[in-house]
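Asks: Structure provided below as structure tokens; questions to follow.
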Amino acid sequence: MSGVIVASSRPVTLRLDPACDLTEVRAAVRTTRDFLSQQGWDDPELGGIELALVEACNNAVKYATTGGRLQPVTLETDLEPARVEFRVRDHTPGFTWPAEVDLPVVESERGRGLYLITSLMDYVSYFRGAGENILVMRKSRPGALREVPPPASTEEWTRKLAEGEEVITEMLEELSSCYESLAAIFRYSNEQSRAGSLKDFATRLFNDLLQIVSAEWYVLRLTARLDPQLAVLAASDPALELPPLALEGPAKPADSLEVEAALTRQSVWFGVGNRLRPDGPLLHARPGAVGIIHPIFTGTEMMGTLALGRRPRATTVHVRGEGVFTAAQTNVVSTFCDFMAVQIANTRFQEEQVKRRLVVRDLEIARRIQRSLLPVVVPQVPGYSLAAFYRSALEVGGDFYDAIKVDENSVLLAIADVMGKGVPAALFAAILRSLLRATPELTCQPSALMTRVNRLLYAELSEVDMFITALLVFIDVRARKIVVASAGHCPLALADARGVRTFSPEGMPLGIVEDGVYPEETVDLPKGCRLLLFTDGLTEGFNPRREQFGHERLMEWLARAPASHASAGQLKDDLIRELDQYRGNTALNDDQTFLIMSG
């Protein structure tokens with residue numbers, strides 16, 4: 001903001017060029033007041049001048065064009081012995097200054113500024129130009145001859161006095177309602193943490209609002225995130241607890257003013273000039289009522305509507321349904337609705353937090369149950385060591401493994417992957433474990449055991465569109481043989497002096513076909529070999545470049561893993577390091593499970 005003061009035989013002049021910004025122009029007005037104070041103007045006169053200048057400069061900023069916002073708002077002051085003249089240059093579209101500036105109706109939010117300026121100044125004139133407009137205001141110095149001619153008659157004096165009293169009365173009412181609304185909001189802000197139910201909070205809040213704005217009844221409707229309708233949460237009268245209103249489908253804005261307010265996010269007045277819709281429930285509950293329906297929303301989320309009304313009064317002036325409440329009362333309604341929106345959002349957030357904690361607790365219980373299904377100690381067989389590893393991508397995963405000792409020289413190894421994650425997958429993993437252990441006579445017959453498990457699980461799996469891939473491996477170290485059956489699972493990998501071989505008899509995943517056939521394959525058990533059963537979480541793990549670990553890399557690791565002097569536990573640790581180094585800081589995208597045997 002730049003400023004120039006010129007003092008000569010001509011009037012003392014101050015010119016300020018603040019940017020087109022409310023903060024900047026208000027600073028310029030304060031500077032102008034200080035300038036006048038230094039020239040001997042008294043505070044009572046300066047207060048009115050400052051108020052008029054603030055109104056004029058604010059309008060210059062508020063209504064500036066897009067290009068006008070890039071230019072300053074010029075405020076010039078010419079001070080003469082008997083008067084002061086102000087010129088405010090704006091870059092707005094301009095308007096035609098009315099011949100008579102009358103006091104606006106109480107309900108109007110426009111026209112007050114012009115009335116305020118003309119009331120506080122002795123002379124006002126507005127000049128429209130091409131791209132620039134000038135508002136000229138003059139104020140006579142106390143004791144000097146004023147330019148405004150006296151009223152033509154006693155009636156004129158009486159009218160002006162009445163207008164002044166009306167302005168003062170209106171201001172007092174606005175101050176009173178603002179004080180009451182602020183007091184109520186501060187009170188409820190303190191009560192938010194102990195407000196109880198949202199309905200109780202809303203009931204107390206809007207009962208206070210009725211008193212503040214002199215309304216008689218209200219209806220508060222809210223929407224649910226997954227339910228596109230307006231349902232009554234609270235009402236001032238049980239008769240106003242009306243049926244829900246649909247926001248989607250056949251419902252249209254024409255069906256209800258409440259729906260219109262929700263969909264348009266605009267306040268809707270109803271009264272003489274805008275009657276309630278014939279099909280709207282409010283008409284039947286409160287025929288002939290006048291009032292306002294205000295939308296309640298925060299950000300992009302629509303939360304509901306507040307209908308506020310009363311019986312029409314003989315003194316009420318209605319323009320398109322307006323006039324029921326004053327502009328100040330309407331602002332109070334808007335403030336209370338905004339406050340209610342905050343409370344609704346806060347309540348929903350707290351409810352979501354509680355639900356989230358309950359879900360986390362349920363998942364923790366499911367995780368513990370799932371962990372309890374895995375063998376605490378992996379059974380061993382003579383001449384070989386066995387180790388297992390399980391890591392879930394989520395709190396509860398779908399991978400499963402088991403090692404069932406058949407006798408001193410044989411063991412049944414099982415590994416499975418339930419489609420999906422979370423609690424459902426964990427439940428089916430638990431059922432699978434029970435079924436595998438329920439028929440001990442079949443533990444040495446992987447094909448027969450797989451067929452029985454599929455038949456028992458088919459109905460439940462197909463009902464929820466889930467399936468399970470599984471691999472059963474029976475190992476007999478005395479007979480030195482391996483019997484393998486697969487239900488669409490990753491192959492068994494065997495590494496010995498001849499290299500790495502994989503075995504995966506063709507079989508459909510469990511739950512796909514009720515009478516599925518699961519052939520088995522018998523393989524010799526070489527000395528000094530390594531066996532690896534795994535889930536696809538190993539091969540499908542990503543590195544930071546979004547490249548998969550892959551089957552080939554896993555087989556290369558198994559091929560170079562030491563054939564002797566390395567227990568299954570050591571090989572397990574080495575494979576975990578290999579997987580972790582490849583993954584880096586990338587989040588685990590699937591469960592990782594494997595069983596490894598070394599001899």
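The values are calculated or read from the model by the stated rules, or taken from the named source; none is laboratory data. Since the model is a prediction, treat every value here as computed from it, not as a measurement. Heads up, the Cβs are rebuilt from the backbone with ideal geometry, glycines too, and the neighbour counts pull from every protein chain shown.
Asks: Is it true that residue 472 is buried (at least 19 other Cβ atoms within 10 Å of the Cβ), under 51 Å from the mean Cα position of the chain (by Cα) and over 18 Å from residue 401 (Cα atoms)?
Replies: It is false that residue 472 is buried (at least 19 other Cβ atoms within 10 Å of the Cβ), under 51 Å from the mean Cα position of the chain (by Cα) and over 18 Å from residue 401 (Cα atoms).
Asks: I'd like to know if the stretch 363-384 contains one or more residues that are closer than 23 Å to residue 504 by Cα, assigned by TED's automatic domain parsing to the domain that holds residue 515 and not aliphatic (A, V, I, L, M).
Replies: Scanning the stretch 363-384, I find at least one residue that is closer than 23 Å to residue 504 by Cα, assigned by TED's automatic domain parsing to the domain that holds residue 515 and not aliphatic (A, V, I, L, M), so the answer is yes.
Asks: Just to be sure, is residue 493 in the same structural domain as residue 412 (by TED's automatic domain parsing), surrounded by fewer than 16 Cβ atoms within 10 Å (Cβ to Cβ) and modelled with pLDDT of 90 or more?
Replies: Answer is no for this residue.
Asks: With the structure loaded, tell me whether residue 306 is in a helix (DSSP H, G or I) and modelled with pLDDT of 85 or more or whether it fails that test.
Replies: Judged against the criteria, residue 306 is not a match.
Asks: Right, here's the next one. Within the stretch 568-587, can you find the residues that are surrounded by fewer than 17 Cβ atoms within 10 Å (Cβ to Cβ) and either under 34 Å from the mean Cα position of the chain (by Cα) or touching a residue at least 60 places away in the same chain (Cβ under 8 Å) (or both)?
Replies: 569, 576, 584, 585, 586, 587
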